[in-house]
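Here the structure comes first, spelled out in structure tokens, and everything after it is commentary.
The values are calculated or read from the model by the stated rules, or taken from the named source; none is laboratory data. Since the model is a prediction, treat every value here as computed from it, not as a measurement. Neighbour counts run over all protein chains shown; Cβ positions are idealised from the backbone, glycine included.
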Amino acid sequence: MWRMLRSRQTWINALLLVLVLLAATAWSQHHARTAAHFVREVFLPIYVSFLLPIFSLCYASHAVAGERQEQTLGYLLATPLTRPVIYLAKWSAALALVLVWNLGGAAALGRIAGPAGWTCFVRFWPAVLWSSVAYGCLFHLFSVLFRRATVVSLVYALFLETFLGNVPGVIKRVAISYYTQCLVIAGGQDLGLGPAAGRDPALFVPLAGDTAQLVLWCVSGALFAAGMWVFCRREY
Amino acid sequence: MTATAHDTTAPLLEFAGVSKWYGPVIAVNDVTVRLEPGITGLVGPNGAGKSTLIRLLTGQLRPSLGEVRVRGRRAWSAAAKSHIGYCADTDAFYEEMSGQAFVRTVARWHGFTGRELAARTAAALEQVGMADRASRPLASYSKGMRQRIKLAQALVHAPELLVLDEPLNGVDPLGREELVHVFTGLAARGTAVLLSSHILDEMDWLADRVLFLYRGRIIAAGSLPEIRQTLADHPLNIRISVDRPRELAARLLMVETVQAVQLAPGGDLLIQVHRPQECYRALAELICAGGFQVERLSATDVSAEAIFDYLMQTARRL
């Protein structure tokens, strides 16, 4: 975990977070901002759709693929550690960092954005938590499958999550960000929350919060199991 | 204390009808061999299957057919790996660590903790002559020092089988001598050492037996003299420095196992013989009977390189 923390990814994450915090600071200067404004204008479009997957892929996609690229995976595989143990250790280390960055980033964003932002963090941190776990499992699976997992994950995050997560119809249900948005919308109905700004509510069709959470749990479990299965059988 | 108890009754390493292919390409073809204590050289041209063979026995690959077993356990299994120390040919490390931290990390993966972890780490570094320089970052090491650290991590759990892929690459002559001393010392204490090297000269004096690999098959296995004797198509070349070369040459032509005799420019006799053991006996009798003064007698093509060339010629004809 310390190796990952001292990696280039940490600097990239820190830079992105600083930029977003600066943007949030500028946003918070307007007096009439509400929690609903914050969610629609900052939290969903910038944090949930962009930073959350980027923070997650930086560590999770590098966990195994990074060792493959640096040719150090052989040292691990030559020891009596079983493959499930290696996979679990790598996943745990990556997930710990993913959670620290995603929850810490959301907290920092909420704090910077003032009372409206902090209200959102207190209310929506479970959505960040469960989508972080799902992203962590997905990008860790990529890490096991692809040597250039970071590139694959970036393409997935920037294209599929952003694009598919916002298209009309049911196809967006393949994107993790859709379920995160559903959790946020379900948890913020009393704040007057609906689909993000500029999106037709009739086309977004959010799922109930419980259903979205269940889907994220199941997806996380399935992706974790798939990653473990592949890692235990794959020749590197 | 290692995680797995050693089952010393099963063969240390056994390849049983092992084949490995990647799509239509056969990398290892029906290999059956057992490894014995001592130093075994693994020799073959590029693409012969040496790396695949090593990756099979270190459990990084699974055979497409057959089985690789280490002390009775499948090489792929975690239990088998506690018997093996692997020194890869890649120059890859966790660069931000010191040599000591790297070896300690690998020792921890092998299940050592506390005082034993420290003791094992120190002993392995001492064994490769890096005890006094191990606290420096790996990124600052020379190629030779990195090779030594790689060897230390392979030795840290005192494996029964040490697999070395090009271990002397980049090591200076003095360091080479020291490392060879480590290998021979380990072999003398009962460790089986499998050494893959493209420097065939090393095999002449280092390897107790050699496995010659060509196109995924083991085309010869045994000590160099044993393998040389099997090459009936290639008569053994012997050079003799003697006081009366012409007289000895005339007498040698009468010996059945001598195929040809040639007088070299320096006055030495070059003879080609079949069935070397018989010829050596006849030669000894001739020398004693004729009262010849022999200054030097040596076989000129029993080196690993010469045998390798002969084997390649034979294999290409098949």
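Data for the structure
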{"read-out": "Residue list for region B:264-318, restricted to those being farther than 25 Å from residue B:202 by Cα and among the aromatic types (Phe, Trp, Tyr)", "value": "B:280, B:292"}
{"read-out": "Given (1) over 26 Å from residue B:311 (Cα atoms); (2) at pLDDT 85 or above; (3) surrounded by fewer than 19 Cβ atoms within 10 Å (Cβ to Cβ), index of the condition residue B:283 fails", "value": "(3)"}
{"read-out": "Filtered residue count, region B:173-208, keeping only those that are aliphatic (A, V, I, L, M), in a loop (DSSP other than H, G, I, E, B) and surrounded by fewer than 20 Cβ atoms within 10 Å (Cβ to Cβ)", "value": "1"}
{"read-out": "Looking only at region B:107-133, and only at residues there that are closer than 18 Å to residue B:167 by Cβ and of a type outside the set (Asp, Glu), the one that is farthest from the other protein chains (Cβ to nearest Cβ)", "value": "B:129"}
{"read-out": "Check on residue A:16, part of a loop (DSSP other than H, G, I, E, B) and either within 13 Å of another protein chain (Cβ to nearest Cβ) or surrounded by fewer than 23 Cβ atoms within 10 Å (Cβ to Cβ) (or both)", "value": "no"}
{"read-out": "Qualifying position, being surrounded by 20 or more Cβ atoms within 10 Å (Cβ to Cβ), in contact with a strand residue (DSSP E or B) (Cβ under 9 Å, 6 or more places away or on another chain) and in a helix (DSSP H, G or I), among B:134, B:154", "value": "B:154"}
{"read-out": "Yes/no for residue A:63 being at pLDDT below 95, surrounded by 24 or more Cβ atoms within 10 Å (Cβ to Cβ) and not polar (S, T, N, Q)", "value": "yes"}
{"read-out": "Answer residue from region B:88-97, given it is touching a residue at least 12 places away in the same chain (Cβ under 8 Å) and surrounded by fewer than 19 Cβ atoms within 10 Å (Cβ to Cβ) and is farthest from the other protein chains (Cβ to nearest Cβ) among those", "value": "B:89"}
{"read-out": "Unique match (being surrounded by 12 or more Cβ atoms within 10 Å (Cβ to Cβ), without any contact (Cβ under 8 Å) to a residue 24 or more places away in the chain and closer than 21 Å to residue B:210 by Cβ) among B:309, B:301", "value": "B:309"}
{"read-out": "Single residue of B:104, B:71 found to be more than 8 Å from chain A (Cβ to nearest Cβ), more than 25 Å from the chain's Cα centre (by Cα), of a type in the set (Lys, Arg) and closer than 20 Å to residue B:159 by Cα", "value": "B:104"}
{"read-out": "Residue in region B:23-30 that is closer than 30 Å to residue B:107 by Cβ, of a type in the set (A, V, I, L, M, F, W, C), in the same structural domain as residue B:108 (by TED's automatic domain parsing) and at pLDDT 90 or above present", "value": "no"}
{"read-out": "Residue match in region A:112-134 (condition: more than 14 Å from the chain's Cα centre (by Cα) and assigned to a loop (DSSP other than H, G, I, E, B))", "value": "yes"}
{"read-out": "Pair list, Cβ < 6 Å and 6+ apart or interchain, from region A:14-41 residues that are under 13 Å from residue A:117 (Cβ atoms) to residues that are of a type in the set (Ser, Thr, Tyr) and surrounded by 17 or more Cβ atoms within 10 Å (Cβ to Cβ)", "value": "A:35/A:119"}
{"read-out": "Residue count for region B:9-29, restricted to those that are exposed (fewer than 15 other Cβ atoms within 10 Å of the Cβ), in a strand (DSSP E or B) and touching a residue at least 40 places away in the same chain (Cβ under 8 Å)", "value": "1"}
{"read-out": "Candidates B:20, B:81, B:50, filtered to the one that is facing another protein chain (nearest Cβ under 10 Å) and under 18 Å from residue B:195 (Cα atoms)", "value": "B:81"}
{"read-out": "Which numbered condition residue B:188 fails, given (1) touching a residue at least 12 places away in the same chain (Cβ under 8 Å); (2) within 18 Å of the chain's Cα centre (by Cα)", "value": "(1)"}
{"read-out": "Region A:64-75 - residue that is more than 7 Å from every other protein chain (Cβ to nearest Cβ) and not acidic (Asp, Glu) and, of those, nearest to residue B:82 (Cα to Cα)", "value": "A:73"}
{"read-out": "Test: residue in region B:165-186 that is small (Gly, Ala, Ser) and out of contact with any Gly (no Cβ under 6 Å at 6 or more places or on another chain)", "value": "yes"}
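Every residue, every condition in (1) modelled with pLDDT under 95; (2) crowded, with 24+ Cβ neighbours inside 10 Å, yes or no:
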| position | (1), (2) |
| --- | --- |
| A:88 | no, no |
| A:92 | no, no |
| A:112 | yes, no |
| A:122 | yes, no |
| A:168 | yes, no |
| A:180 | yes, yes |
